[in-house]
Amino acid sequence: MEKRLEAGWFQRIAWSVLVWFSLGLLVWVPFLYVAIRRGRGSDWGAFAAFMVYEVATVTGLSVLPDDGDSSAVLGIVIILCLLGATAMLLFAMFDRRLPRPAVPYGAAPMAPQQGPYGYPYGR
């Protein structure tokens, strides 16, 4: 059976806030969490892609000169990747919650079963 990883909106938004408040340095963390919990190949691929992005941007920020068009292009790439990661975290990474099966009309919920003689008190 395939593993599911359900998350409510609060958890999805919390992961997105982590991505933005770390200025993209921790963008790989939620994808590692999902890959470990669910273990799909596509999850590991997303994690690997964001790790490559992280290495490339940190290297690019340290190598490129501060003045020039290359810094502006790198800044735009960083913003676009953060927007893409946010969209993935909000809408694509986590499974939707399944609705609970409804109780059939007219059926009463079952009362908990008790053992003999007022179990557990009447042993």
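On the basis of being surrounded by 15 or more Cβ atoms within 10 Å (Cβ to Cβ), touching a residue at least 60 places away in the same chain (Cβ under 8 Å), touching an Asp or Glu at 6+ places or on another chain (Cβ under 9 Å) and within 24 Å of Arg12 (Cβ to Cβ), does Val34 make the cut?
yes
What are the residues in the range 1-58 that are more than 16 Å from Leu80 (Cα to Cα), in a helix (DSSP H, G or I) and acidic (Asp, Glu), if any?
Answer for the range 1-58, where residues must be more than 16 Å from Leu80 (Cα to Cα), in a helix (DSSP H, G or I) and acidic (Asp, Glu): just Asp43.
Would you check if Arg97 is at pLDDT 90 or above, under 26 Å from Arg12 (Cβ atoms), of a type in the set (D, E, K, R) and open to solvent by 60 Å² or more (accessible area, probe 1.4 Å)?
It is false that Arg97 is at pLDDT 90 or above, under 26 Å from Arg12 (Cβ atoms), of a type in the set (D, E, K, R) and open to solvent by 60 Å² or more (accessible area, probe 1.4 Å).
So, of the residues in the range 37-73 that are within 15 Å of Met88 (Cα to Cα) and small (Gly, Ala, Ser), which turns out to be most open to solvent (accessible area, probe 1.4 Å)?
Within the range 37-73, the match that is most open to solvent (accessible area, probe 1.4 Å) is Ser42.
Yes or no: the range 18-25 includes at least one residue that is more than 28 Å from Arg4 (Cα to Cα) and open to solvent by 40 Å² or more (accessible area, probe 1.4 Å).
Yes - at least one qualifying residue is present in the range 18-25.
The values are calculated or read from the model by the stated rules, or taken from the named source; none is laboratory data. Quick caveat, the model's predicted, so the values are computed rather than measured. Cβ: placed from backbone, ideal geometry, glycine included. Neighbour counts: every protein chain shown. Just so you know, the surface numbers come from the protein's heavy atoms only, side chains and all, with ligands and any DNA or RNA stripped out. Shrake-Rupley method; radii C 1.70, N 1.55, O 1.52, S 1.80 Å.
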